[in-house]
Amino acid sequence: MQELLTTKRIIIALAILFVLFFVVAAAWYYFLRDGGSAENNTQAEPPPENPFPEGEGRNSAGGASNPAGGSSDIGSVPQNLNASKGDVFQIVPDAVTGAVFYNNKIRYVEKSSGNIFEVDLDGKNKTNLSNNKISGVFDAMWSRQGTRLIIKYASGDKVTAVSATITGSSTKTVILPAGVKDVAFSPKGDRIAYVLVSGDVASVITATPENKSPVTRLKLKYSSWKILWTEDNGIYLLSSPSAYLDGFLYKITLSSGTFSKILGPYPGLLASVNAPSLIFSEANQKEKTIDTFLSNSSGGNIGPLPIKALPEKCTWSKKVKDIVFCAAPLIIPGATYPDNWYMGKVSFGDAAVKINIASRAINSFLLPESTDAIKLFLSADETNLFFINKDDESLWRLRIP
């Protein structure tokens, strides 16, 4: 009996060795036979099943397509913007999370304290409009009128959104409900829209800035929306952008309650809307760059924009509907966009570009070296363009001739 047990053990051991041999051989055949490594041959996981309503859109499999038919080499690609020297001035050297033009002054939120300040355009006569002393502030979104804002700050793993109203030299605040994600002001600044997550359901809600008279406009199981409220009767919802996921842009028409698809699927979709026009970009994974396009605000008549830029680095003229100002990189480093840019793995050296989308006329102005401009906004007469440098979050002004 003991010999029988010993024989069985030997047979089992040989069988295990036989299986391990074939596993190792298969691994060599599939991963190492071309002289590469398993790491080099690993492909990104496929994106999750589309959680959004179906609609027409370009097939983005295998990388983004370019309606213009152009291409660029992998690596750093110069844009040849022919920029002239810009008249640039640093208004606030400290870190700023958001700013706005108000009554020929600049109002901004200081990142270190969460306090709201007002300064002249030359950075002088600094006045404190609050006494917040909030730590962990990472974002501030202003109404166009410069009298209201939303401040977001983090404490541990908890994020809090505060709605603030400035009256004279004082500020009144209201804490928005727990679970609030992205927030935006209406064009008139008299309402806000926000995404409220509860369990596995996300609701898009409109209310007064004090969160009174809330109205639920939409409920979805997808929660990572960016809200673009650029027209009184229309709220645009942009899905969270990543080069590895199909992106979509939708619109809620407030008067009718309809929810319609505007753009998608486009990998890494970013968009900036100024009805009747819209700028959007998508990731070009094959060439490690971005492609930027112009369309109407219904997602039709798509054509290439004369420059490559991330639409969130753009701001529209309020005086001339066909004019848009963008921060466009002089050289686009080869990378996965917008992911690598958001994570800080790649940074731009921008020029400020004024584009007439009707005539395609472009005027470009150099910014200080290594300036990665974000959160652009204009003075009332549009002779000054303001921006925050993403690298150190300082606040700057560019005079527009």
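Here are some notes:
- Only strands (runs of 3 or more DSSP E) whose full extent lies in region 144-230 are considered here, and the ones with at least 3 residues that are not hydrophobic (A, V, I, L, M, F, W, C) are 148-155, 158-167, 170-175, 215-220.
- Residue within region 367-382 that is buried (at least 22 other Cβ atoms within 10 Å of the Cβ), under 20 Å from Ser272 (Cα atoms) and within 20 Å of the chain's Cα centre (by Cα) present: yes
- Selected residue [out of contact with any Gly (no Cβ under 8 Å at 6 or more places or on another chain) and aromatic (Phe, Trp, Tyr)] from Tyr194, Tyr153: Tyr194
- Residues that are of a type in the set (A, V, I, L, M, F, W, C), more than 18 Å from Phe101 (Cα to Cα) and surrounded by fewer than 19 Cβ atoms within 10 Å (Cβ to Cβ) do not occur anywhere in region 187-196.
- Any hit, region 267-281, residues being within 21 Å of Ser364 (Cβ to Cβ), in a strand (DSSP E or B), hydroxyl-bearing (Ser, Thr, Tyr) and touching a Ser or Thr at 6+ places or on another chain (Cβ under 7 Å): yes
- Considering (1) out of contact with any helix residue (DSSP H, G or I) (no Cβ under 7 Å at 6 or more places or on another chain); (2) surrounded by 18 or more Cβ atoms within 10 Å (Cβ to Cβ); (3) not in a helix (DSSP H, G or I), the lone condition that Ser298 does not fulfil carries the number (2).
- Single match in Phe101, Phe89, Phe138 (criterion: in contact (Cβ under 8 Å) with a residue 60 or more places away in the chain and under 30 Å from Ser213 (Cα atoms)): Phe101
- Here Ser130 fulfils each of the conditions (1) part of a strand (DSSP E or B); (2) out of contact with any Phe, Trp or Tyr (no Cβ under 7 Å at 6 or more places or on another chain); (3) surrounded by 21 or more Cβ atoms within 10 Å (Cβ to Cβ) apart from (1).
- Residues that are in contact (Cβ under 8 Å) with a residue 40 or more places away in the chain, in a strand (DSSP E or B) and surrounded by fewer than 20 Cβ atoms within 10 Å (Cβ to Cβ), drawn from region 248-259: Phe259
- Failed criterion for Thr230 (all others in (1) modelled with pLDDT of 95 or more; (2) more than 21 Å from Phe138 (Cβ to Cβ); (3) surrounded by 17 or more Cβ atoms within 10 Å (Cβ to Cβ); (4) more than 19 Å from the chain's Cα centre (by Cα) hold): (4)
- Of all residues in region 202-217, those satisfying the criterion of being of a type in the set (A, V, I, L, M, F, W, C) and either surrounded by 17 or more Cβ atoms within 10 Å (Cβ to Cβ) or touching a Phe, Trp or Tyr at 6+ places or on another chain (Cβ under 6 Å) (or both) are Ala202, Val204, Ile205, Ala207.
- Ser242 meets the stated requirement of being touching a helix residue (DSSP H, G or I) at 6+ places or on another chain (Cβ under 7 Å) and either surrounded by fewer than 21 Cβ atoms within 10 Å (Cβ to Cβ) or among the acidic types (Asp, Glu) (or both).
- Of everything in region 309-326 that is of a type in the set (D, E, K, R) and out of contact with any Asp or Glu (no Cβ under 7 Å at 6 or more places or on another chain), the residue that is surrounded by the most Cβ atoms within 10 Å (Cβ to Cβ) is Lys313.
So that you can scan it fast, the table gives a plain yes or no per residue for (1) within 30 Å of Arg360 (Cβ to Cβ); (2) at pLDDT below 95:
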{"residue": "Asn40", "(1), (2)": "no, yes"}
{"residue": "Pro46", "(1), (2)": "no, yes"}
{"residue": "Phe52", "(1), (2)": "no, yes"}
{"residue": "Gly63", "(1), (2)": "yes, yes"}
{"residue": "Ala68", "(1), (2)": "yes, yes"}
{"residue": "Pro78", "(1), (2)": "yes, yes"}
{"residue": "Asn82", "(1), (2)": "yes, yes"}
{"residue": "Asp87", "(1), (2)": "yes, no"}
{"residue": "Pro93", "(1), (2)": "no, no"}
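The values are calculated or read from the model by the stated rules, or taken from the named source; none is laboratory data. In this text, all values refer to a predicted model and were calculated from it rather than measured experimentally. Methodologically, a virtual Cβ is constructed for each residue, glycine included, from the backbone with ideal geometry; neighbour enumeration extends over all protein chains shown.
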